[in-house]
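K.L.:
To start, I am sharing the structure in question, which I have written as C-alpha cells.
The values are calculated or read from the model by the stated rules, or taken from the named source; none is laboratory data. The structure displayed is predicted, hence computed values, not measured ones. Here Cβ is always computed from backbone atoms with ideal geometry, including for glycine, and neighbour counts include all displayed protein chains.
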C-alpha cells in the first residue's frame, strides 16, 4: 500500500531496518489474510504503518536477526506471531518483517508455515473470547458465523471444554462444523434462523455483523454476550454484553500452536503466492473465501 485509502497493490519496498532492542527480523514463510486487514487501509486501526508499507498483522517465519536483549529466540528459529502495532512500520505481506520478540511464539516442528500463519488472529480471538465468556462444561453457547476462521476455531476450543455449541453457518458448512464439535448448525440464510433454535443459551459469541441484536434474546437472564464486530447491544436482563478486541499474547499463541501441531485443533489454510495478495485481499473482504483461511507465501 502506497498511501492511506488506496487500493492494495504490489510494491517494491526497501529491506526493513535491523531489529532494535527487544525485536526480531523474520524471513516471512507465510502470512495470513483476514477481513480485519481492510481496517489498515482506511486507518480505522492504527497498526503503525509507515507508508509505503506491506499490510498483514499475522504470519510465520524464520528468525534472521535478533535485537539487543532478546534471549528467547536465536537466528534460525521458526516462529509465528500476531503483531499490532507493527514496530518496523510494515507488515507480514512481504519477504521480511520486524516484530516484537515478546509477541512471537515458537513454531512447533509439526506445524508447517501455512498452518502456522493461519492461526494467530483467528486463534487468539477465539481463545480470548472464550476465556472472557468463562463457560463451564455442559453450558450452552451460541456462535454466529461458525463457518469462518474464528468461528470454526471457537467451536473446537469450546467443544474440547465440554461446552454445547450451536452455530449459525451456511448449509454447505454444516457437516464440517458438526465434525468439529458443534451440537447443532442453523442456516443463517434463513431470515427466521433465531426462531429455529432453543433459547436460554448461557452465552453468545457473535462473529457476523448484525447478529448481536437477534442473538441477545436467545441468551438467558444473567448470561453473557461477546461481539467481535463492535456492535454489542445494550445490557438487559442482567446480561453482560461487550465488544472484544484481540491483543497479542505469545503464551496463548504457543498453546494454540501446540494444539494445531498435534491435530487437536484443525485449520484449513489455502496457500497463495504473495503476488496474489491484492486478489486474496479483495476476496476475503468481500466475504467470498468460503470458510477457507487464505495465506500468502513469498516465492
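K.L.:
Looking at this structure, is residue 208 in a loop (DSSP other than H, G, I, E, B) and closer than 18 Å to residue 226 by Cβ?
P.N.:
Values: in a loop (DSSP other than H, G, I, E, B): yes; closer than 18 Å to residue 226 by Cβ: yes.
Yes, satisfied.
K.L.:
Could you check residue 292 against (1) over 21 Å from residue 96 (Cα atoms); (2) in contact with a strand residue (DSSP E or B) (Cβ under 8 Å, 6 or more places away or on another chain); (3) outside the structural domain of residue 55 (by TED's automatic domain parsing) and say which number it fails?
P.N.:
Exception for residue 292: condition (3).
K.L.:
Quick one: would you say residue 221 is in contact (Cβ under 8 Å) with a residue 40 or more places away in the chain, more than 30 Å from residue 103 (Cβ to Cβ) and not in a loop (DSSP other than H, G, I, E, B)?
P.N.:
Details: in contact (Cβ under 8 Å) with a residue 40 or more places away in the chain: no; more than 30 Å from residue 103 (Cβ to Cβ): yes; not in a loop (DSSP other than H, G, I, E, B): yes.
No: the conditions fail for residue 221.
K.L.:
Within the range 240-289, which residues are assigned to a loop (DSSP other than H, G, I, E, B), in contact with a strand residue (DSSP E or B) (Cβ under 9 Å, 6 or more places away or on another chain) and within 27 Å of residue 131 (Cα to Cα)?
P.N.:
Just the residues of the range 240-289 that are assigned to a loop (DSSP other than H, G, I, E, B), to begin with: 244-249, 262-268, 286-289.
With the extra rule that they be in contact with a strand residue (DSSP E or B) (Cβ under 9 Å, 6 or more places away or on another chain), the set shrinks to 244, 246-249, 267-268, 289.
Within the range 240-289, 244, 246, 247, 248, 249, 267, 268 meet the criteria.
K.L.:
While we're on this one: In the range 101-120, what residues are surrounded by fewer than 24 Cβ atoms within 10 Å (Cβ to Cβ) and closer than 27 Å to residue 230 by Cα?
P.N.:
103
K.L.:
Give me the strands (runs of 3 or more DSSP E) completely within the range 106-188, filtered to those with at least 2 residues that are free of Cβ contacts under 8 Å to residues at least 40 places away in the same chain, ordered by residue number.
P.N.:
Numbers: elements: 140-144, 164-169, 184-187.
Ranges flagged: 164-169, 184-187.
K.L.:
Residue by residue through the range 257-274, note down the ones that are over 20 Å from residue 174 (Cα atoms) and loosely packed, with under 13 Cβ neighbours inside 10 Å.
P.N.:
Within the range 257-274, 262, 263, 273 meet the criteria.
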